[in-house]
Amino acid sequence: MSFDAFILRKQYGKVKGLGDRLAVMKDQIEWDPFIPLVRRVFHDDKVTGGRPHTDEIVVVRSMLLQAWYGLSDPELEFQCHDRLSFRHFLGFPQAIPDFTTIWKIRDRLVAVGVGQMIWDEVQRQLDWKGYRVKKGVIQDASFIEADLGKNRCHREKKARREGEVIEYTKKQLQHIDKDGGFSVKQGQVHYGYKSHIKVDVGHHLIRDLGVTPANVHDGDIDLIKEGDQVAYRDKGYFGKHIHAPGVVDKTMKRAVRGRRLNGGEQKRNKAIGRVRAPGERPFSVIKRIFHGDRTMVKTLERVRVKEMFKCFAYDLYQLVTLNRKRLAVAM
């Protein structure tokens, strides 16, 4: 251990005494299984050589810190150097990756398909801990706002009216979001993407996710799989069938033109609503506590990997809550 690391660890003792939630979340899962997954994105080894790569665990934990605190890449680099709790969560590494390294590694996770492998490993560990789906699942969706670029939109509309074509430079194209979509809900216009999640009824953990442009209908995304027991969904999924065999469909019914809901259907909707209400909690935590209601990246694949880490971060957050509840009941 270097002298600098010794001083940092000694100073961290005061922070730990005051209560460090990150230290608690650090102990919720096993980190070693992520090492061979992240290693796939690097191109150095003992045979071919190459520049030493960033520690794999530091990569995963850095992106979790970014998800928990709603940080940009440059702000993440600064906070990792500035905050002792961040240093401890990363394991007091000798080298902290700069913001360009984080950006490039995230793109590699997308290109190699490692993001989905990381998510699958998280789900495997949840099952191993005993948090299997037993009472059913809740599927819901929420908007992820993106930067519209109003000036650009106005210029493009004006150009279309006048029959002109705007040509962008290569650098300008890198800052234009081509994958986002428009959607109108309750009179409000949204631009960006939509996060679709599946939540376990019993433990309120996120078990699956999907990301689409905002104009994709909620019901067009079916996350329900065989073994989910019961699927609770709101009226937005009315008329959309579940394809997974053996899963009971508990989708709320909606009145249509010329036909109102009868008393039995209204009671059924209320019963389903009570069960599926906790499905809104992950979105509330991610948007209000993690400040993750917006995205600043410009492609669907980049948004998808960032949303995956937000869901990963939420599951660790929820594991702490579940453990505290268990301790409270045992006392």
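The values are calculated or read from the model by the stated rules, or taken from the named source; none is laboratory data. Predicted model, so just to flag it, every value in this text is computed and none were measured. Note that each Cβ is placed from the backbone with ideal geometry, even for glycine, and that neighbours are counted across all protein chains shown. Accessible surface areas use protein heavy atoms only, side chains included; no ligands, DNA or RNA. Shrake-Rupley method; radii C 1.70, N 1.55, O 1.52, S 1.80 Å.
Numbers for the structure displayed
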| item | result |
| --- | --- |
| Relative intensity, log₁₀ I(q)/I(0), of the range 267-331 from a Debye sum that treats every alpha carbon as a point, q = 0.21 Å⁻¹ | -0.93 |
| Order of exposure, largest accessible area first, which applies to W119, W103 with probe 1.4 Å | W103, W119 |
| Surface accessible to a 1.4 Å probe, V297 within the full protein complex, Å² | 10 |
| Amide proton proximity set for K194, modelled H, under 5 Å, gap of 5+ | I144, T212, A214 |
| Long pairs among K16/K306; K158/K287; K235/K287; K26/K185, criterion Cα-Cα beyond 31 Å | K158/K287; K26/K185 |
| Cα-centre dipole for the range 26-150 with unit charges at Cβ (Lys and Arg positive, Asp and Glu negative), debye to 20 | 340 |
| Lys, Arg +1 and Asp, Glu -1 on Cβ, resulting dipole of the chain about Cα centre, debye, nearest 20 | 1480 |
| Largest-first ordering by accessible area, 1.4 Å probe, given options W68, W128 | W128, W68 |
| About the Cα centre, charge dipole magnitude for the range 247-319 (Lys/Arg +1, Asp/Glu -1 at Cβ), debye | 480 |
| Average accessible area per residue (Å²) across the range 119-253 - probe 1.4 Å, nucleic acids and ligands excluded | 56 |
| Area accessible to solvent at I272, 1.4 Å probe radius, in Å² | 10 |
| In the range 122-186, GluC sites (Glu not before Pro) in a DSSP loop with at most 16 other beta-carbon atoms within 10 Å | E162, E164, E167 |
| Carbon and sulfur %, accessible surface of the range 199-295 computed with the full protein complex present, 1.4 Å | 49 |
| FRET E, pair K185, R281, Förster distance 25 Å, beta-carbon r, rounded to 0.05 | 0.80 |
| Of all accessible heavy-atom area on the range 37-186, the percent that carbon and sulfur account for (1.4 Å) | 50 |
| Matching label, Cα extents along the principal axes in Å computed from the structure shown, candidates (i) 60, 42, 39; (ii) 74, 52, 35; (iii) 77, 70, 41 | (iii) |
| Contact order normalised by residue count of the chain, Cα under 8 Å, 6+ apart, percent | 20 |
